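Taking it in order: structure first as C-alpha cells, then the write-up.
The values are calculated or read from the model by the stated rules, or taken from the named source; none is laboratory data. Owing to the predicted nature of the structure, the values given are computational and were not obtained by experimental measurement. Heads up, the Cβs are rebuilt from the backbone with ideal geometry, glycines too, and the neighbour counts pull from every protein chain shown. Areas reflect the complete protein model, heavy atoms only, side chains present, ligands, DNA and RNA absent. Shrake-Rupley method; radii C 1.70, N 1.55, O 1.52, S 1.80 Å.
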Amino acid sequence: MDNLSNYPKVIDYLRKKIKGTQWEGHLFVVGGCCRDMIMGRPIHDIDLTVDLPLGSVKFSRWLRSRHLTLGAPLVFQRYSTARLRLKAFPDDELEIVQTRSDKYGPHNADNPAAAFGSLADDCTRRDLTINSLYYDISADRMLDLCGMALADIKNKIIRTPADPERTFDDDPLRIVRCIRFACSFGWEIHPETMVALKKNPASIKIASKERIRSEFDKLISCQAPAKALEMLEQCGIMSVIMPELSPIFGMPDNSSNQGSVWQHTLRTVKAMAGISSDVNMRLAALLCDAGKALSYTRHDNGKVTFPRHDRRAAPVIDPAMKRLRYEPKIINNIIFLARNHTAAKKWGDNAEHMSDADLRSLQYLCETRDRFERLLTLIHADNLSHTERPSLAGQVPAIRKRAAEFKASGTEMFGFNLPIQSLHIRKLLQIQPGQKVEHCKDYLMKCAFENPKLNREKCRQLLLKKFSRKAQ
C-alpha cells in the first residue's frame, strides 16, 4: 500500500462490511502497520488476522462470495494465509492470516506448522513487542496483549514479547530482524534480548539461503547499515552469513589511524548510505575491499599493504554471494565495481592528475553511463571513508564535471567501436590474423581515448604511419 490515506478508508470499509456478520469482533489489523500507526509513520501494508480456526481462508472466501474481491483470493492452505485485493481498493493487496501458535521445531524455521491459536498465543509467537499490537476493527481499539508494546514504542526499546531465547530458537532469523529494527529506528535493544542475540549465531544456518538473503538485504537497506553490520559482527552472525569476510574483521588496515579493514569497510558503507539507498550499491560498499582478505601482506618493517586487492575481489565475492542466491547479474556487477573501485586512486584529490584519455578509458571500460555512474558513486564513498585525507571528497565531483563536458561535446566513450575493423587492418597492412591485428587495435583505441572522433581515414593514416614499415 503506497498511499497512507487509503489505510483508514480500507479499515472503515471492512468495519462496515463485517458488521452483523460472523466476522464482527474477530478481524484485526496486526503487526507493523499498527506500530507505524502509533509512531505516525507511513503505512505501506495492511496485514489482517482472524482469531478463528482457518479464519483467514474462510474470510477471504466470504469476501469473494459477496463479489467484493478483485478476482479469486490467493490461498496458501498449509500456512492458513490468503492474499487478495478488494474491488473498492484495487491497488492495495491485503494479507490475511489466522491467529497462530506456530511450532517450528528444529531445522524447520522456514516451514512452521500453522496451528491455530488464540490472540494471546499469536502475540507471544511474534518477533518483537513493537510488532505484536492488534487493532480490533469492529471495536476501533488498539490491543497491547503482551503489555509492553506501547511502552516500548514510547521508550524506544527493542525486545521480544516472549523469552528471547525461545523467540530466536523458533526462528533464528529474528536475530537479524531485531538488529535491523534497532538500527532503523535508532533504538536500544533490551539487555536480556541482547544477551540472547549472542548465544547461538550459527543457528541461522537452518533458515533457507533465500530468507537469509532477504533479511540481509533489508538490514543493509536500513537507516544505519554500518551500525547494523557492526552489531552482526559483534554477535558472531556476520561470520555465519558471509564467512569469506571473517579475515578482515581484525585485520589491520594499511594506515595506523584507519583501524582494521573491517572498520574501514563500515565507514565506506556509512558513506554510501549517505549517498544511495540502492541495496546493490550498499553491497558493493561492503564488498569492495573483500580482496584484502587474500592480499594481506606484512613487510619486514611492519608496514601492511594489500597488493592488487581489487583484482583479488572476485574469489571472495563470488562464493559469498552465490551462497545467498544472488542473481549472477548482480554478482558480476558488484565484482566489476570492486575490481575497479581504485581506478581513480592516482588521479589526485581533485582529479588534477586525470587526463582526458584516462577518463575516456574508464568510460570505455564501464561500457554504459549507468555503470560508470555507479562506479563513481562507489569511489566517492570509498574516498569519504579515508580518515586521513578528507580532501578526497572533491575528486569524484571533479570527474563528473569533466564527464559532463564530454557528454556535451559528444566525446564520451560508452559503447565506442573503432571505425575500422580487423579485416580492413589486415588488408591495409598485409598481415595475418593474430596478435599483430590486436596490437594495432589496441594502438587505435589509445588514439581514440585522445580523440574519440576518429574516422576510418584517420585510422588508416595512423596505422600506416606506425606499422606499415614493421608489417613489410
Potential extension, R66-D140 segment - 0.36 nm per residue separation minus Cα distance: 24.3 nm
Region 145-261: Cα Rg divided by the 2.2 N^0.38 Å rule of thumb: 1.13
The chain, helix-only ellipticity at 222 nm - DSSP H runs n ≥ 4, -39,500 (n - 2.57), divided by all residues, nearest 500: -14500 deg cm²/dmol
Whole-Å distance, taken between Cα centres, linking region 122-163 and region 189-213: 21
18 Å Cα-Cα reach of K303 towards lysines, excluding residues that sit fewer than 8 places from it in its own chain: K292
Per residue accessible area in Å² of the chain, where ligands, DNA and RNA are left out and the probe is 1.4 Å: 48
For L68, residues with placed amide H under 5 Å, excluding near neighbours: none
Under DSSP loop assignment and at most 16 Cβ neighbours within 10 Å, longest trypsin sites (Lys or Arg not before Pro)-free interval of the chain: 347-452
Cα gyration tensor, region 20-170 - rounded (a/c under 1.5), prolate or oblate: oblate
Cα shape, region 305-347, gyration tensor, a/c 1.5 rule: oblate
Carbon and sulfur %, accessible surface of region 318-472 computed with the full protein complex present, 1.4 Å: 49
Amide H within-cut-off set for I158, under 5 Å, with H built and near neighbours excluded: E188, I189, H190
Nearest-0.05 FRET efficiency for I330 and K401, computed from C-beta distance (R0 35 Å): 0.70
Heavy atoms of I379 accessible to a 1.4 Å probe, total area in Å² rounded to 10: 0
Test item: Cα-centred dipole of region 270-428, Lys/Arg +1 and Asp/Glu -1 on Cβ, debye: 460
Alpha-carbon Rg/Rh ratio, for the chain, with Rh computed the Kirkwood way: 1.10
Amide hydrogen neighbours beyond the local backbone of Q98, cut-off 5 Å, H modeled: V50, S56
27 Å tail of the calculated P(r), region 332-472, as % of Cα pairs: 33
Tensor-based shape of region 14-74 (alpha-carbon gyration tensor, a/c under 1.5 rounded, otherwise prolate or oblate): prolate
For region 375-428 and region 313-334, distance of Cα centres in Å: 25
Debye intensity ratio in log₁₀ form over the Cα atoms of region 235-279, taken at each q of 0.20, 0.31 Å⁻¹: -0.75, -1.01
Reciprocal mean inverse distance between Cα atoms of region 359-402 - Kirkwood radius, Å: 10.9
